[in-house]
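Take a look at the structure set out below.
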Amino acid sequence: MTALMPVPALTARTARRIPRLLAGLGHPPGLAGHEHAYGPLRVPPRRPGRLIDVVEASGLTGRGGAGYPAGRKMRAVAVAPGRKTVVANGAEGEPASGKDRLLLTRLPHLVLDGIALAVQAVGADEAYLCVHGTDGALLGHLERAVAEREAAGLDPLPVQVTGIPGRYVSSEQSSIVQYLNGGPAKPTFSPPRPHERGVHGQPTLVHNVETLAHLALIARRGDHWFRGAGLPSAPGTMLVTVSGAVRRPGVYEIEMGTTAGEVITLAGGPAVRLQALLTGGYFGTWLPAETAWPAPLTHAGLRAVGGSLGAGIVVAWPAGACPLAETARVVRYMAEESAGQCGPCRFGLPALADALAALAFSGGREGAIDGIAELLPLVERRGACRHPDGVAQLVRSLFTAFPADAHWHQWQGACGGVRRPPLLPLPGDEERDWNWG
Amino acid sequence: MSVTLRINPIACTGHGMCAELLPEVIELDRWGYPVVVSPAIPRPLLDHARRAVQACPRLALLVEERAGKHR
């Protein structure tokens, strides 16, 4: 497997266009530093609905993973009759992602600007900013930022900073809506979708916090400016979380369409020889390094090579580490994180985790791979949410990207890689939130 | 207009009535949960499908009638 492939150098032109969202990192925290970095936000604009036109023209898509056009989602809520709600989703459920937490800890006012704008654009009468309830420090930090804005008279209405259970599926938008309505933070059957009937039965706009941060800059600088970075088909910038075998793991802002190879280079380059990338997190996909390297980081660009972008997660996978063993661990975690509401997920994911663990750690059994292949259609598209689908996608990509490793395990037993310390981040039992409400 | 069968997987607890009443369209998986083999219901099976919907003790089986385009 190839490692260091030639990577086109990042041009000076590119360098001038970014950072955008992260431009404020060098400024002092607080409202004054924020306004110094990005300029003041002029609210209220004369015609709040005009912002939706600008967002639609900008081509901004949701940065939470699904990539749905942000303006269209806002329009659906704005045109609905009655009172509306805005929910900012900062409950980053994906263990390999760190971008939302970075925004909320370092640039909270960018997200809060976005909430204020969304509230005005859709005509909402309440707004929530949801983060993990176990993260007390973050909750306090955000409440102080909200208070600072209230004192400055900045926002059309006070944003309610709300802690939600820190479970993987609790950050799904219908889970958040059900939780804010007093129920458990578990996904619900749709329709109705949140934009039809959400919090308190009101049409509800749920946007990821990064999407809202982009909104804050689009409102200041316009759709043409936004399209000045990225690709015509996927404009703007996005935050990516790069981890694994790179020299400088972390959160980076890239132009949409930057290749996976360039992103690895941005993160300091491979620390050792790489055999693969995991893109899109634990709902994502394994891609052999040579397939991933030239692929542009957009939803379509990764899909074209069998990958997925998700919330912009890239894990660099070193040669010698065992992808089967680590996928088995992740699938076990995902099975435990199932809300257990739907039979195929409740029974199918543990069965999948058992079968993968047997193949990875014991191996040597004829039919082990076929047995896993038979389980996948039993979980796919059979849940109320995409949890089982995401896990199935990860497992399918494991066998596509590493057919030789899978066969080795089936015929020879566990490889030497299974004894290496795990590379894919999973919260420890003591850090995990086991509650739903 | 097309008529399709859908399961609310949260409500469903795998009683299996639907597979008894509508074996042409619904099979049970290894855990006893229904799999809709072909969601579009042929006209001759419509009455059977409606009966299966009514028989579900969890009201988890839904007949959805769609006129023309649907997002």
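The values are calculated or read from the model by the stated rules, or taken from the named source; none is laboratory data. Everything numeric in this text was worked out from a predicted model, so none of it was measured. Virtual Cβ from ideal backbone geometry, glycine too; neighbours counted across all protein chains shown.
Every listed requirement among (1) within 14 Å of chain B (Cβ to nearest Cβ); (2) under 22 Å from A:P165 (Cα atoms); (3) of a type outside the set (K, R); (4) in a helix (DSSP H, G or I) is met by A:M334 save one, (1).
The sole residue among B:R6, B:R50 that is charged (D, E, K, R) and facing chain A (nearest Cβ under 10 Å) is B:R6.
Residue-level check: of (1) of a type outside the set (S, T, N, Q); (2) assigned to a helix (DSSP H, G or I); (3) modelled with pLDDT of 90 or more, A:P422 misses just (2). Taken over the stretch A:375-414, the criterion of being of a type in the set (F, W, Y) and outside any helix (DSSP H, G or I) is satisfied by A:F402 alone.
So which residues in the stretch A:395-422 are closer than 25 Å to A:S308 by Cα and crowded, with 18+ Cβ neighbours inside 10 Å, if there are any at all?
Going residue by residue through the stretch A:395-422, those that are closer than 25 Å to A:S308 by Cα are A:395-407, A:422.
Result: A:V395, A:S397, A:L398, A:F399, A:A401, A:F402, A:D405, A:A406.
What number of residues within the stretch A:63-97 satisfy the criterion of being crowded, with 21+ Cβ neighbours inside 10 Å and within 18 Å of the chain's Cα centre (by Cα)? So the count comes out to 15. I want to confirm something. Restricting to the stretch A:375-391 and keeping residues that are small (G, A, S) and within 14 Å of chain B (Cβ to nearest Cβ), which single residue is nearest to A:A321 (Cα to Cα)? My answer is A:G383.
Residue count for the stretch B:28-45 under the criterion of being loosely packed, with under 13 Cβ neighbours inside 10 Å and outside any loop (DSSP other than H, G, I, E, B): the result is 3.
Residue-wise test of (1) basic (K, R); (2) within 14 Å of chain B (Cβ to nearest Cβ); (3) surrounded by fewer than 19 Cβ atoms within 10 Å (Cβ to Cβ).
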{"residue": "A:E143", "(1), (2), (3)": "no, no, yes"}
{"residue": "A:E148", "(1), (2), (3)": "no, no, yes"}
{"residue": "A:I164", "(1), (2), (3)": "no, no, no"}
{"residue": "A:S175", "(1), (2), (3)": "no, yes, no"}
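Take the conditions surrounded by fewer than 21 Cβ atoms within 10 Å (Cβ to Cβ) and touching an Asp or Glu at 6+ places or on another chain (Cβ under 6 Å) and apply them to A:E430. Does it pass?
Values: surrounded by fewer than 21 Cβ atoms within 10 Å (Cβ to Cβ): yes; touching an Asp or Glu at 6+ places or on another chain (Cβ under 6 Å): no.
It is false that A:E430 is surrounded by fewer than 21 Cβ atoms within 10 Å (Cβ to Cβ) and touching an Asp or Glu at 6+ places or on another chain (Cβ under 6 Å).
Counting only helices (runs of 4 or more DSSP H) that fall entirely inside the stretch A:1-80 and contain at least 3 residues that are farther than 30 Å from A:S170 by Cβ and at pLDDT 65 or above, the qualifying elements are A:31-38, A:50-58. Taken as a whole, the condition of being touching a residue at least 60 places away in the same chain (Cβ under 8 Å) and within 14 Å of chain B (Cβ to nearest Cβ) does not apply to A:A414. Among the residues making up the stretch A:358-387, those that are closer than 26 Å to B:R6 by Cα and in contact with a Gly (Cβ under 6 Å, 6 or more places away or on another chain) are A:L378, A:V379. Residues in the stretch B:17-38 that are within 11 Å of chain A (Cβ to nearest Cβ) and under 21 Å from A:F189 (Cβ atoms): B:L28, B:D29, B:W31, B:G32, B:Y33, B:P34, B:V35, B:V36.
If you check A:V119 against the conditions, is it on the phi < 0 side of the Ramachandran plot, assigned by TED's automatic domain parsing to the domain that holds A:Q202 and out of contact with any Gly (no Cβ under 9 Å at 6 or more places or on another chain)? Working first, answer last.
Details: on the phi < 0 side of the Ramachandran plot: yes; assigned by TED's automatic domain parsing to the domain that holds A:Q202: yes; out of contact with any Gly (no Cβ under 9 Å at 6 or more places or on another chain): yes.
It is true that A:V119 is on the phi < 0 side of the Ramachandran plot, assigned by TED's automatic domain parsing to the domain that holds A:Q202 and out of contact with any Gly (no Cβ under 9 Å at 6 or more places or on another chain).
Can you say whether B:A60 is under 9 Å from the mean Cα position of the chain (by Cα), more than 14 Å from every other protein chain (Cβ to nearest Cβ), touching a residue at least 24 places away in the same chain (Cβ under 8 Å) and surrounded by 12 or more Cβ atoms within 10 Å (Cβ to Cβ), as far as the supplied structure shows? In short, no. From the residues in the stretch A:337-374 that are at the interface with chain B (Cβ under 9 Å from one of its Cβ atoms) and in a helix (DSSP H, G or I), which one is farthest from B:G16 (Cα to Cα)? The qualifying residue farthest from B:G16 (Cα to Cα) is A:A351.
Residues in the stretch A:118-169 that are more than 26 Å from A:M74 (Cβ to Cβ) and β-branched (V, I, T): A:T134 only. Residue count for the stretch A:180-198, restricted to those that are surrounded by fewer than 24 Cβ atoms within 10 Å (Cβ to Cβ) and more than 14 Å from chain B (Cβ to nearest Cβ): 4.
Taking B:A11 as meeting all but one of (1) assigned to a loop (DSSP other than H, G, I, E, B); (2) away from chain A (no Cβ under 14 Å); (3) under 21 Å from A:F189 (Cβ atoms), write down the number of the exception. B:A11 satisfies all of (1) assigned to a loop (DSSP other than H, G, I, E, B); (2) away from chain A (no Cβ under 14 Å); (3) under 21 Å from A:F189 (Cβ atoms) except (2).
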